[in-house]
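Inspection log for the structure reproduced underneath, given as structure tokens.
The values are calculated or read from the model by the stated rules, or taken from the named source; none is laboratory data. Keep in mind the model is a prediction, meaning the values are calculated, not measured. With ideal geometry, Cβ positions are generated from the backbone for all residues, glycine too; neighbour counts draw on all protein chains shown. Only protein heavy atoms, including side chains, enter the accessible area calculation; ligands, DNA and RNA are left aside. Shrake-Rupley method; radii C 1.70, N 1.55, O 1.52, S 1.80 Å.
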Amino acid sequence: MKATQNFIQENKERFLSELVDLLKLPSVSADPKFSKDVHKTAESIAEHLNKIGMDTVEICQTAGYPIVYGEKIIDSTLPTVLVYGHYDVQPADPIDLWTSPAFEPVIKTTAIHPEGAIFARGACDDKGQMFMHVKAVEAMLQAKDLPCNVKFMIEGEEEVGSANLGIFVKNNVEKLKADIILVSDTGMLSNNDPSITTGLRGLSYVEVEVTGPNRDLHSGLYGGCVANPINTLAKMIASLHDENNKITIPGFYDKVVELSEEERAEMAKAPFSLEKYCEALDLNEVMGEAGYSTMERGSIRPTLDVNGIWGGYTGEGAKTVIASKAYAKISMRLVPDQDPEEITHLFLNHFQAIAPASVNVTVKPHHGGEAAVTPIDSIGYKAAAIAYETTFGKKPIPVRSGGSIPIVAMFEKILGLKTILMGFGLDSDAIHSPNEHFGLFNFYKGIETIPYFYKNFTELSK
Ligand code: BES
Ligand code: MN
Ligand code: MN
């Protein structure tokens, strides 16, 4: 891997400028306004895969945005690594809060990234991290160090629920045959505390609509006489947590896998400062489910959060009105073995049941997905752990994340493959927020670490 590492050092500047170009494309999958740019981004990824020397690069059309596929099979008797990533990004809103435009990447230093970080939507989630894999494979190919086969599957609908990826995977089981899936779309504890993500939470996402009177009403003439849907919705939402911050939906916790005291003690060893956590978020104190630490609340426990709430008059000045309708978007993060469909169902039944007769309630399910865990005694995990030890000079800590990548559980079901989550982002990188960024240290460290995974995985597979 010496030649590979030399190639990386010699080409750092070019790697970064290529990433800058990729980040200029506003590939926002949620907003049809950017449809052309999303397609352009797929073409750009395909071009990159061709340029680094992948064989049979394809832009696979779906009912939504395309999936970019590429493979390099050097010897069918050797193991195959299947790399998954996404080229779509979250909307840049609220754009006023960006210190530089979201799709005009610039390098700036921060307290956490004194060596510089690249600021742009998608810098960390996931163009920057996905691109590390393209560059790592380029380096191995150029250095004639690639020790096994590699396949790329880069999608453009991750941020909107990957609705078409499952169909693609089901229809291409043979094409996607591999021994392990490798993903960089998560984070690590800090640049001094390398960690490998060993779990992701599942997700159930719903939208609720509460209807009171059949039209908006004068709040003086009707106020106090009819149910105000906004007041009612607020009360209903408030009742979804009890005084211990437990979720009150009957059956919600029935299938939750509880960790043993040993596992919890092991988790508690990961470096974490509540003081620094509060300071970074300008908080006086944290809040969450009684009986669990902040680390646990954010990873091994299920949650319910309102992600958006609206209704009535929100324009300039005051308007005295009782709205006919109120709405909310609610996400529930799930843990093993909660079934997203079952949880959606429990939510729906409960939300209908607690609605007073004075309003009508409808619940619309959005996307969902199951939680996933990676066993740390697998050769995939070991290959990654040794790779981190080589480049960081430190053993990585296994950490379960609170985020969701629903397709990870789906890959396991359809392809029978485990996923190794080698994430190099930091929580402070502001993914999905204004001023998203990705440390140059992290970008390069990722490119340097990935080749060792290939080497270790190939050797351990023998
Ligand atoms: N890359 C993130 C998920 C993530 C980030 C996991 C950091 C762990 C650490 C992914 O792009 C994402 O945003 N997922 C969504 C779910 C999806 C169905 C929209 C999420 O977690 O909200
Ligand atoms: Mn992502
Ligand atoms: Mn994301």
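Answer yes or no as to whether V134 is crowded, with 24+ Cβ neighbours inside 10 Å and in a helix (DSSP H, G or I). So V134 fits the description; yes.
Restricting segment 340-359 to residues that are of a type in the set (S, T, N, Q) and in contact with a Gly (Cβ under 8 Å, 6 or more places away or on another chain), which is least open to solvent (accessible area, probe 1.4 Å)? In this case the residue turns out to be T344. Within segment 53-91, being open to solvent by less than 10 Å² (accessible area, probe 1.4 Å) and more than 25 Å from K418 (Cβ to Cβ) holds for P66, V89. Here V57, V83, V68, V89 are screened, and the one residue that is in contact (Cβ under 8 Å) with a residue 24 or more places away in the chain, of a type in the set (V, I, T) and more than 16 Å from ligand 1 (Cβ to nearest atom) is V68.
When you check I420 against the structure, is it crowded, with 24+ Cβ neighbours inside 10 Å and at pLDDT 95 or above, yes or no?
yes
Restricting to segment 147-167, count the residues that are away from ligand 2 (no atom under 16 Å from the Cβ) and surrounded by fewer than 24 Cβ atoms within 10 Å (Cβ to Cβ). Going through segment 147-167 one residue at a time, the tally reaches 7. In segment 207-294, counting only helices (runs of 4 or more DSSP H) that sit wholly within it, the ones holding 1 or more residues that are in the same structural domain as S358 (by TED's automatic domain parsing) and within 30 Å of T320 (Cα to Cα) span 229-238.
Screening H133, H113 for residues that are within 16 Å of ligand 2 (Cβ to nearest atom), in the same structural domain as I414 (by TED's automatic domain parsing) and modelled with pLDDT of 95 or more leaves exactly one candidate, H133.
Taking the criterion of being under 30 Å from L217 (Cα atoms), in contact (Cβ under 8 Å) with a residue 24 or more places away in the chain, touching a Phe, Trp or Tyr at 6+ places or on another chain (Cβ under 9 Å) and not in a helix (DSSP H, G or I), the residues of segment 298-351 that qualify are N307, I309, G311, T320, V321, I322, A323, A326, Y327, A328, K329, I330. Residues that are touching a strand residue (DSSP E or B) at 6+ places or on another chain (Cβ under 6 Å) and either among the β-branched types (V, I, T) or under 24 Å from F168 (Cβ atoms) (or both) number at least 2 in the following strands (runs of 3 or more DSSP E) confined to segment 1-120: 55-60, 67-72, 80-86, 106-108.
The set of residues from segment 113-131 being more than 16 Å from ligand 1 (Cβ to nearest atom), open to solvent by 10 Å² or more (accessible area, probe 1.4 Å) and either closer than 15 Å to A92 by Cα or in contact with a Leu (Cβ under 9 Å, 6 or more places away or on another chain) (or both) comprises E115, F119. Each residue in segment 179-208 was checked for being farther than 29 Å from E448 by Cβ and open to solvent by 10 Å² or more (accessible area, probe 1.4 Å), and 4 pass.
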